[in-house]
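**Student:** Dumping the structure here so I can ask a few things about it.
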Amino acid sequence: MIGILGGTGLYRMDELVLDEEREVTTPFGSPSSRVMLGRLRGRPVAFLARHGVHHERLPGEINYRANVWALKSVGVRTVVGVSATGSLREGLRPGDLALPSQYLDFTRGGRAASFFGNGVVAHVSTAQPTCAATSRRIAECAAGLGFPLHVEQVYACIEGPRLGTRAESRFLRGAGADLVGMTNVPEAFLACEAQLGYCTIALVTDYDCWLDDPAQHVTAEMALTLFRQNLGRVQQLLASVVEHHVDDDTRPCRRTLRHALVTPRERLTPAQREMVDFLSA
């Protein structure tokens, strides 16, 4: 089953034939919303609204661990997120679609960033934090629909909820970032720890605030309006990705824990072993 994490402006899927809204409990608390289980173009899918169905959670208030755990618990092994992002490059224009492959973490440490700790030590490689096979599938589907897609993009995740200063925007450009957003970290890294293939489809909504023209500086209204105008295109692409998705347990993202666990298994409590076994499945 493929899982979809809906971001700003995407709280439900128009084509989703809903079978069940499941209340999921996790060891890390409640996810942002119930998990919507159903079929999209005849294929099973799980949908979860990242900010809640009424957009009631700030980026720093999202329970990322619960969201990732909940999706895996219902059978998801590949997650595709949707994110509204600012552009840090002239060639990435508002309305464009982009596919991040790398992340810069500029969050402030207030987000629970790992499933591990409290007696269980693991160090998962995030050199390649996104699923290459799923990225290729998204690119193929976008091409089939005639949707231009910028690939191999670098996403800088900031803490929020405020929008950045011009100095910060220019700093991120200098650091090599192409996109700026508030939600993909630690989401992408938790997916790695849970051995889930992860990708985000980013919709560029603005130029952040690095341009000299103040009329181009991002506002919440600007970002939401642009996202709503392009929501149909985003949903078309998601539906095509689900329709053509092929699960493959030989992907590197499905083996990230193979050599990551440092604490000897015999030193783990039954509850800790249960957690590790769940993440490793």
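**Student:** Among (1) surrounded by 15 or more Cβ atoms within 10 Å (Cβ to Cβ); (2) touching a helix residue (DSSP H, G or I) at 6+ places or on another chain (Cβ under 7 Å); (3) polar (S, T, N, Q), there is one condition residue 30 misses while meeting the rest; what is its number?
**Tutor:** (1)
**Student:** Do we find that residue 124 is of a type in the set (Val, Ile, Thr) and surrounded by fewer than 20 Cβ atoms within 10 Å (Cβ to Cβ) in this structure?
**Tutor:** no
**Student:** Could you list, in sequence order, all residues of region 144-172 that are in contact with a Lys or Arg (Cβ under 7 Å, 6 or more places away or on another chain) and hydrophobic (A, V, I, L, M, F, W, C)?
**Tutor:** Matches in region 144-172: 147 only.
**Student:** State whether the residues of region 221-240 include one that is more than 27 Å from residue 145 (Cβ to Cβ) and aromatic (Phe, Trp, Tyr).
**Tutor:** Scanning region 221-240 turns up no residue that is more than 27 Å from residue 145 (Cβ to Cβ) and aromatic (Phe, Trp, Tyr).
**Student:** Scanning for something surrounded by 13 or more Cβ atoms within 10 Å (Cβ to Cβ), in contact with a helix residue (DSSP H, G or I) (Cβ under 9 Å, 6 or more places away or on another chain), farther than 20 Å from residue 63 by Cα and small (Gly, Ala, Ser), does region 105-113 turn up at least one residue?
**Tutor:** The answer is no; no qualifying residue exists.
**Student:** Of all the residues that make up region 214-232, how many are aliphatic (A, V, I, L, M), part of a helix (DSSP H, G or I) and touching a residue at least 24 places away in the same chain (Cβ under 8 Å)?
**Tutor:** Within region 214-232, residues that are aliphatic (A, V, I, L, M), part of a helix (DSSP H, G or I) and touching a residue at least 24 places away in the same chain (Cβ under 8 Å) number 5.
**Student:** Sticking with this one: Could you list, in sequence order, the residues of region 233-260 that are over 19 Å from residue 136 (Cβ atoms) and without any contact (Cβ under 8 Å) to a residue 60 or more places away in the chain?
**Tutor:** 258, 259
**Student:** Given the structure, is residue 235 surrounded by fewer than 15 Cβ atoms within 10 Å (Cβ to Cβ) and within 30 Å of residue 91 (Cα to Cα)?
**Tutor:** no
**Student:** Which one of 248, 208 is of a type in the set (Asp, Glu) and either touching a His at 6+ places or on another chain (Cβ under 9 Å) or exposed (fewer than 14 other Cβ atoms within 10 Å of the Cβ) (or both)?
**Tutor:** Among 248, 208, only 208 is of a type in the set (Asp, Glu) and either touching a His at 6+ places or on another chain (Cβ under 9 Å) or exposed (fewer than 14 other Cβ atoms within 10 Å of the Cβ) (or both).
**Student:** Here are some residues: 143, 132, 139, 127. Which one is among the hydrophobic types (A, V, I, L, M, F, W, C), modelled with pLDDT of 95 or more and either within 15 Å of residue 218 (Cβ to Cβ) or in contact with a Ser or Thr (Cβ under 9 Å, 6 or more places away or on another chain) (or both)?
**Tutor:** Only one candidate passes the filter, namely 132.
**Student:** A further question follows. Condition (residue is more than 19 Å from the chain's Cα centre (by Cα) and within 29 Å of residue 45 (Cα to Cα)) applied to region 101-118: is it met by at least one residue?
**Tutor:** yes
**Student:** Further question: Among the candidates 211, 257, 190, which residue alone is modelled with pLDDT of 95 or more and in a loop (DSSP other than H, G, I, E, B)?
**Tutor:** From the options 211, 257, 190, the qualifying one is 257.
**Student:** Could you go through region 28-39 and let me know if any residue there is under 28 Å from residue 205 (Cα atoms), charged (D, E, K, R), touching a Ser or Thr at 6+ places or on another chain (Cβ under 7 Å) and outside any helix (DSSP H, G or I).
**Tutor:** no
**Student:** State the number of residues belonging to region 42-64 that are surrounded by 14 or more Cβ atoms within 10 Å (Cβ to Cβ), part of a loop (DSSP other than H, G, I, E, B) and not polar (S, T, N, Q).
**Tutor:** So the count comes out to 7.
The values are calculated or read from the model by the stated rules, or taken from the named source; none is laboratory data. Please read these numbers as outputs of a predicted model, since none were measured by experiment. Heads up, the Cβs are rebuilt from the backbone with ideal geometry, glycines too, and the neighbour counts pull from every protein chain shown.
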